[in-house]
Amino acid sequence: MITCYPPVMHSGSEHTPDMSSGQRAQLSVFAMTFLYALSVTMIGPLMPLIIDSFELRLSVAGLLVSFQQLGGIMAIVASALFADRTRKPLLIAGGFLVYSVSLFSAGVALNYIILAGSFFAIGASSRLFDAVANADTAQWNPRRSALHVSLLHTSFAVGALVGPLYVSTLVEAGLQWRAAFLGLGAAAALAVAVYVTRSHFRRKISATAAVKAGSVAAVLRAPRMWIACAVMLFYVGHQAGFSVWLPMYLQTSLGAPVRMGAAAVSLYWFGIIVGRLLAARLAARVSIKRQLWTGGLAGGLVLLLTFATRNPQFLTAGALLAGVASGGVIPNLVTLCCGWFADNTATASSMLFLMASVGHMVSPWLIAVVTELSSFDIGFTLPIAALGLVGAIALALPQR
């Protein structure tokens, strides 16, 4: 939904809204995205502590992540259908407020049922925030949307990198796993409080005129949208599968020490951060289509060559370079699709993130199945091939 702001009259003249207030509100969204990303990567390190606390079987503990993903998928579908007909800042604030409350609920959960419900709510609220924040960021300043969306996803990548460090710091300080949820919940509550006090937020929700949202069916019928969704599916499939299995592959197949496996994933995510910052700088000079296909093909080729050496140091370096080459894929896709469907930005971004959820759920499992049926060497080629397919499919995208 595109909102038209009524002019504010001062001494008989029109006054242009102060862009600095909008920039401060956008910084609040960046901070909220950083806090959302912390919860994405802190769950893994916390899981052994949660299992011990509730005396859970591995399969039952794994259902917590399934509940989280289920909540996320339901929220993304709802966002695709309704978010363009609602004030997006209200959805951003409401979603993040529920996210904060859900984190507190997980931190004080006394039994598994409450914990599972909290994980469901964390997944639903964070995914709703994510989809709508991307749409609103792309819509906020269309002429510089590529820059702002890239910075939004850079904030996410930094948060994802910091998440495990946040957990290890608390654990080394002797605190329980609950402290991670409670501390993050408090930070999230503070962030949403700052966001709703921005004058830009108040001006947007009080706007009296709005352009009617475009047709959801028009987005669903567009072939270019489905090509972009395929790019997202394979990229997130690559990212999720590569991040999950890279440490184990380095340790079991290439004989690398445990510390190198952890360092390789950190370097991969550091490369993604650099790639997203580069995408923001390149936005005005290089077309999004070119960034997508060159990044996918170059990243896939680098990984294939370093994988073929069977040298853990070379593969770690390849992970860093692949992260740099392909780091801008997600923000570039959001910018491209929201530009195509300016009246349905939430629908477009929600479709992309629905494909991302599918890729995130299927890829690690598929790699494990192929590995069990053949070998880890064959299974680990899947995320490498997926990145190459990102570049190949992106060639079919229209220029604009």
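The values are calculated or read from the model by the stated rules, or taken from the named source; none is laboratory data. What you see is a predicted model, and the numbers here were worked out from it, not measured in a lab. As a convention, Cβ positions derive from the backbone with ideal geometry for all residues, glycine included, and neighbour counts pool all protein chains shown.
Numbers below:
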item	result
Some residue of region 252-263 being within 27 Å of residue 394 (Cα to Cα) and in a helix (DSSP H, G or I)	no
Selected residue [within 24 Å of residue 265 (Cβ to Cβ) and either outside any helix (DSSP H, G or I) or among the basic types (Lys, Arg) (or both)] from 127, 143	127
Candidates 178, 203 - the one that is outside the structural domain of residue 377 (by TED's automatic domain parsing), modelled with pLDDT of 95 or more and not aromatic (Phe, Trp, Tyr)	178
Counted residues, region 83-94 - those being surrounded by fewer than 16 Cβ atoms within 10 Å (Cβ to Cβ) and in contact with a helix residue (DSSP H, G or I) (Cβ under 8 Å, 6 or more places away or on another chain)	1
Given (1) surrounded by fewer than 16 Cβ atoms within 10 Å (Cβ to Cβ); (2) more than 18 Å from residue 307 (Cβ to Cβ); (3) touching a helix residue (DSSP H, G or I) at 6+ places or on another chain (Cβ under 7 Å), number of the condition residue 378 does not satisfy	(2)
Residues (part of a helix (DSSP H, G or I) and either crowded, with 21+ Cβ neighbours inside 10 Å or at positive phi (or both)) located in region 171-190	180, 181, 184, 185, 188
Unique match (being assigned to a helix (DSSP H, G or I), modelled with pLDDT under 90 and crowded, with 21+ Cβ neighbours inside 10 Å) among 217, 135, 228	135
Residue tally, condition without any contact (Cβ under 8 Å) to a residue 24 or more places away in the chain and within 17 Å of residue 358 (Cβ to Cβ), over region 47-77	1
Residue match in region 77-92 (condition: part of a loop (DSSP other than H, G, I, E, B) and hydroxyl-bearing (Ser, Thr, Tyr))	yes
Evaluation of residue 263 against (1) of a type in the set (A, V, I, L, M, F, W, C); (2) at pLDDT below 95; (3) within 15 Å of residue 383 (Cβ to Cβ) (one fails), failing number	(3)
Some residue of region 373-389 being in a helix (DSSP H, G or I), under 22 Å from residue 129 (Cβ atoms) and not acidic (Asp, Glu)	no
Residues being surrounded by fewer than 18 Cβ atoms within 10 Å (Cβ to Cβ) and either part of a helix (DSSP H, G or I) or at positive phi (or both) - total across region 53-68	11
Residue within region 371-388 that is over 25 Å from residue 126 (Cα atoms), β-branched (Val, Ile, Thr) and modelled with pLDDT under 95 present	yes
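Residues are listed down the side, and each one gets a yes or a no for (1) within 30 Å of residue 88 (Cβ to Cβ); (2) touching a residue at least 40 places away in the same chain (Cβ under 8 Å); (3) not small (Gly, Ala, Ser):
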site	(1), (2), (3)
242	no, yes, yes
258	no, no, yes
266	no, yes, no
301	no, yes, yes
340	yes, yes, yes
354	yes, yes, yes
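Residue-wise test of (1) of a type in the set (D, E, K, R); (2) at pLDDT below 90.
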{"position": "18", "(1), (2)": "yes, yes"}
{"position": "34", "(1), (2)": "no, no"}
{"position": "38", "(1), (2)": "no, no"}
{"position": "44", "(1), (2)": "no, yes"}
